[in-house]
1. With a cut-off of at most 11 other beta carbons within 10 Å, and DSSP calling the residue loop, which chymotrypsin sites (Phe, Trp or Tyr not before Pro) in the stretch 158-260 qualify? Please list them.
2. Of V204, V137, how do they rank once you tally other Cβ atoms within 10 Å and put the fewest first?
3. Can you give me the three principal axis dimensions of the stretch 130-233 from its C-alpha atoms, in Å, biggest first?
4. List the GluC sites (Glu not before Pro) within the stretch 165-212 that fall in a DSSP loop (any state other than H, G, I, E or B) and whose Cβ has at most 13 other Cβ atoms within 10 Å.
5. Just flag the trypsin sites (Lys or Arg not before Pro) in the stretch 179-238 sitting in loop per DSSP whose Cβ has no more than 14 other Cβ atoms within 10 Å.
Amino acid sequence: MSRTLTTILGTMALVALFTTTAFAKEITVQGRLQRTVEPGGWVISTGSQEYLLLNFRNFQNETWFGEGREVEAVGETKPDVMTTQMQGTPFEARTMRGLARGNAATQIESRGLSKVAVTGDSIVQALPDTAILTVSVVTQGRSALDAQQENATRSEAVIRALKSAAGAGAEIKTSGYSLQPIRVYKEGQPPTITGYEARNSVTVTLSDLTKVGAVIDATGAAGANDVAGISFTLRKDRPARDQALTEATREALAKAQVLATALGGRVVRIVEVLEEGVDRPRPIYADQFQMRTMKAESTPIEVGTLDITSRVQLIAEVEIGAR
């Protein structure tokens, strides 16, 4: 083969590659949404092939987006894209829509009946049952040994006061310790160490929330001079989560009945109920503050309430004209 012919063929191959890349055709994919084996991703499974959604975040807030949902997506495959999931063919969807049960108004004619899909949401408020408090003893000294010794003495007194104020049912543990030099910086000069600072942090978990203020006061009087923060949470959250799930289901059923009535029919049966998730209560955090000097009055603590949310999707079969 001559050099000229080789050059021509190479040029044609490059042109073909460029043309394929520049004019890639869109494809339409229909299948079920599934989570990837490695957490954090979604694929569309067609049964014989999986397409890894590179831009699923563009659609995940849609009401029809969820595991097991039938969808139709239009977009392009990206075989050269490397991902952490490494599952299926990388696919970037330009558009995507839910099939069959996308929202509350969707109706599917089948055997003279219709199906409606609705969602129910609920928010349940509950009082926290646990408080988590971190107090620290911070000391300084000319030498590292001075800072350590003073800190050890004051920390021992704080722990004794903490155990006494918190009671036998409290969980107390050391959550941090540090010893660092105190440096003074001057322009054009290397930093100078003028002393050392020691910090010993202790975390206490209380089930009796009425003792939180007393614990703060007792530890402050014993020598603690920093409170890293207070959080209130709900350890025994199952009753509240069950209540939220029940109320979400009732709301979904009520919506289905309203739709059936509006269509001039009645709900024949519930085809499917899907729990879309229950959000556990997030802890309430108090702002960080410095330990104040012990006063005659106790430290006031306001606990507040926690929100537990739940969402349910319900698919009901409706008989039209049944009234």
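Read-outs throughout are calculated quantities, based only on the coordinates presented, and are distinct from any laboratory measurement. Everything numeric in this text was worked out from a predicted model, so none of it was measured. Using ideal geometry, Cβ is built from the backbone for each residue, glycine included, and neighbour counts are taken over all protein chains shown.
1. Working: sites: Y177, Y185, Y196, F232; in loops: Y185.
When the chymotrypsin sites (Phe, Trp or Tyr not before Pro) of the stretch 158-260 are filtered for loop state and at most 11 Cβ neighbours within 10 Å, Y185 remain.
2. Values: V204 23, V137 26.
Result, fewest neighbours first: V204, V137.
3. Its Cα atoms span 54, 26, 19 Å along the three principal axes.
4. Numbers: sites: E171, E187, E197; in loops: E187.
Sites meeting the loop and neighbour criteria: E187.
5. Working: sites: R183, K186, R199, K211, R235, K236; in loops: K186, R235, K236.
Hits after loop and neighbour filter: K186, R235, K236.
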